[in-house]
Amino acid sequence: MPSNLILFLLLLMPPLSLADSSAQGAVDGMSKWGFPIPAILKKNVDFWIRVNSQYSIHQGLVHDSENIDHVYSVLDLSKSKRNSNHLIAVEKLKWKRVLLAVHAKQGHPEKMNSDEKRIFEMFKDTEEPNKFLNAAHRKRLRFQLGQKEQFLNGLRQSGKYMKKMEEVFARAGLPIELTRLPFVESSFNLRARSKVGASGIWQFMKSTARLFLRVDTVVDERNDPIRASEAAVRLLTVNYRSLGNWPLAVTAYNHGRKGLMRAVRRVGSDQWGDLVEGYSGRSFGFASRNFFPELLALIELEKNSAKYFGDLERAAPLYFYEVSLPIKIDLKRLIQWFELNSQEVRELNPGLSEAVFRGAEPVPAGYRFRLRRRAEDSEETLVKAFLSKFDSASNSPLKSP
């Protein structure tokens, strides 16, 4: 059966149900409502905890991309006026030379200087032929910039949407911890746009998003955290049904479902550890290998934020109700009719394009327009009142031109 037909059939299936045995109990050692950190991932998870809690965007780690806990130095980019790329290149060159020196002197450690001895000890439990020579390769020497500020900003911002996102995932029967994926993808930055065209907190590419969302010059639902979360549920459900466990389903969110299925076939195992150990596909690089461990790290940081950051005030949840607009309408007219705050409308409806906000395009018919409500308000009553007023205003001969 062609792969595109298989995907189509998977998309037609409903998300996982809480009644499904596959969605309950332990999955690869992970309980339904908890993702513990397996021993095989602890070093990687600890690395990402450090990156996101200890180091600012003005600092970074020079480390080994294979043995991620082998950190050679912490580089402070704020202490120099020179170009940061130049500083990083110089630092990498320094450690390349140290590694090559250790390779040459490993039979005579007494001849090593302090840096060389530290590296020699760092690799003492690493079983790999020519381990120092291999570690000196340009692809192994990697620089990771600190992410503390971004994570903290994301943590504050997530308060607006997390409650609603958890409801979306729980209703579909998916682990609510998966709602923390936007910390990895975008740090909950609604304006996040990647160089390759991914957009929104879930960083959907247009080609993938159009399987689940409206993406055009009028509405781009990738930029709507709730609509995009509903799409993420469907995509992650497809990944899970294709790959059989959450570590692979999550990794496929970064690497691609078909690519990961191909990797599983080549390795002959659907266990995450076997895949990382045994698969060396060209596109299965550092980002794909570390996507799931980084998620586990950020779940830990978010869950225990007080331990890592002290008291931190998160943004209050957004309470709103949605109304499917009966007809297309100019946004400025809608704001005028209902005496709405334009900034509030923008915050609640981030899926609308700039063309709509500046009046070049109308809000389309059927768009689920959001308006603020109080937590105790009845959504049903508010929707009825809105539609009644909308009908009266749109049919009134006295309405604004």
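Compared with the dominant principal axis of the Cα atoms in the chain, helix 286-303 is inclined by about 70°.
With Cβ to Cβ distances under 11 Å as the rule, what net charge do the other residues near residue 364 carry (K, R +1; D, E -1)? Intermediate results must be reported in sequence, preceding the final value.
Working: positive: 214, 328, 368; negative: 216, 361.
Result for the local shell: +1.
Distances between placed amide hydrogens fall under 5 Å for residue 73 paired with 62, all partners being 5 or more residues away or on another chain.
The charge dipole of the stretch 58-145, taken about its Cα centre with unit charges on the Cβ of Lys, Arg, Asp and Glu (plus for the first two, minus for the last two), comes to roughly 540 debye. Residue-wise HN-Hα couplings along the stretch 190-207, as the Karplus relation 6.51 cos²θ - 1.76 cosθ + 1.60 with θ = phi - 60° gives them from phi, are 5, 9, 5, 9, 8, 5, 9, x, 6, 9, x, 5, 8, 6, 7, 6, 4, 4 Hz; Gly and Pro carry x. Ignoring aspartates and glutamates fewer than eight residues from residue 105 along the same chain, the ones with Cα atoms less than 17 angstrom from its Cα are 115, 116, 121, 128. Counting only DSSP H runs of at least 4 residues, each contributing -39500 (n - 2.57), and dividing by the residue count of the chain, the helix-based mean residue ellipticity at 222 nm comes to -14500 deg cm²/dmol. Relative to the longest principal axis of the Cα atoms of the chain, the long axis of helix 225-243 lies at roughly 50 degrees. Under the criterion of Cα pairs below 8 Å and six or more residues apart, the relative contact order for the stretch 58-145 equals 41 percent. For a paramagnetic label modelled on residue 372 (point 7 Å from Cα along Cα→Cβ), amide N atoms under 16 Å away belong, within the stretch 140-168, to 160-161.
Backbone phi angles across the stretch 351-367, fed through the Karplus curve with coefficients 6.51, -1.76 and 1.60 (θ = phi - 60°), yield HN-Hα couplings of x, 6, 7, 4, 4, 6, 5, 8, x, 6, 9, x, 5, x, 4, x, 5 Hz in residue order; Gly and Pro are listed as x.
Exposure proxy shown here: for 383, 363, 184, the number of other Cβ atoms within 10 Å sets the order, fewest to most, as 383, 363, 184.
Exactly which GluC sites (Glu not before Pro) in the stretch 74-164 are in a DSSP loop and have at most 15 other Cβ atoms within 10 Å?
Working: sites: 91, 110, 116, 121, 127, 149; in loops: 127.
Counting only loop positions with at most 15 other Cβ atoms within 10 Å, the GluC sites (Glu not before Pro) in the stretch 74-164 are 127.
Looking at the chain as a GNM with Cα springs under 10 Å, which of 99, 260, 248 has the largest mean-square fluctuation? Evaluated over the chain, the most mobile residue of the options is 99.
Could you tell me how many degrees, from 0 to 90 and to the nearest 10, lie between the Cα long axis of helix 257-267 and the main elongation axis, the longest principal axis, of the Cα atoms of the chain? The two axes meet at around 30 degrees.
Looking at the stretch 172-281, which trypsin sites (Lys or Arg not before Pro) are DSSP coil and have at most 12 other C-beta atoms within 10 Å of their C-beta? Walk me through the numbers on the way to the answer.
Details: sites: 180, 191, 193, 195, 206, 210, 214, 222, 227, 234, 241, 257, 258, 262, 265, 266; in loops: 191, 195, 210, 214.
Sites meeting the loop and neighbour criteria: 191, 195.
In percent, rounded to a whole number, the relative contact order of the stretch 97-231 is 16, using alpha-carbon pairs under 8 Å and six or more apart.
Give me 79, 148, 328 ranked fewest to most by other Cβ atoms within 10 Å of their Cβ, as a rough exposure proxy.
Working: 79 10, 148 20, 328 13.
Ordered by Cβ neighbours within 10 Å, fewest first: 79, 328, 148.
A crude spin-label estimate for the pair residue 78 and residue 40, with each label 7 Å from Cα along the Cβ direction, gives 3.9 nm.
If you add up the charges near residue 355, with Lys and Arg at +1 and Asp and Glu at -1, over every other residue whose beta carbon is less than 11 angstrom from its beta carbon, what do you get? Could the numbers behind the result be given before it?
Working: positive: 358; negative: 216, 220, 354, 361.
Net charge around residue 355: -3.
Read through the labelled values (i) 23, 42, 27, 8, 0; (ii) 23, 49, 23, 5, 0; (iii) 27, 59, 14, 0 and report the label of the one computed as P(r) over Cα pairs in 20 Å bins from 0, in percent from the structure. Calculated P(r) over Cα pairs in 20 Å bins from 0, in percent: the matching label is (ii). Dipole magnitude for the chain: computed about the Cα centre from +1 point charges on Lys and Arg Cβ and -1 point charges on Asp and Glu Cβ, it is near 1220 debye.
Fewest first, what order do 251, 179, 208 take by the number of other Cβ atoms within 10 Å?
Ordered by Cβ neighbours within 10 Å, fewest first: 208, 179, 251.
Of 207, 158, 80, the residue with the greatest mean-square motion in the GNM of the chain, using alpha carbon springs below 10 Å, is 80.
Dipole magnitude for the stretch 320-395: about 140 debye, using +1 per Lys or Arg Cβ and -1 per Asp or Glu Cβ, origin at the Cα centre. Projecting the Cα atoms of 78, 353, 200 onto the charge dipole of the chain (Cβ charges, centred on the Cα centre) puts 78 farthest toward the positive pole. Residue separation of residue 324 and residue 104 scaled by 0.36 nm, minus their Cα-Cα distance, works out to 72.1 nm of gained length.
Largest GNM mean-square fluctuation among 378, 187, 199, using the chain with Cα springs under 10 Å: 378.
Every number here is computed from the coordinates shown, using simple stated rules; none is lab data. Quick caveat: nothing in here was measured; it's all calculated off a predicted structure. As a convention, Cβ positions derive from the backbone with ideal geometry for all residues, glycine included, and neighbour counts pool all protein chains shown.
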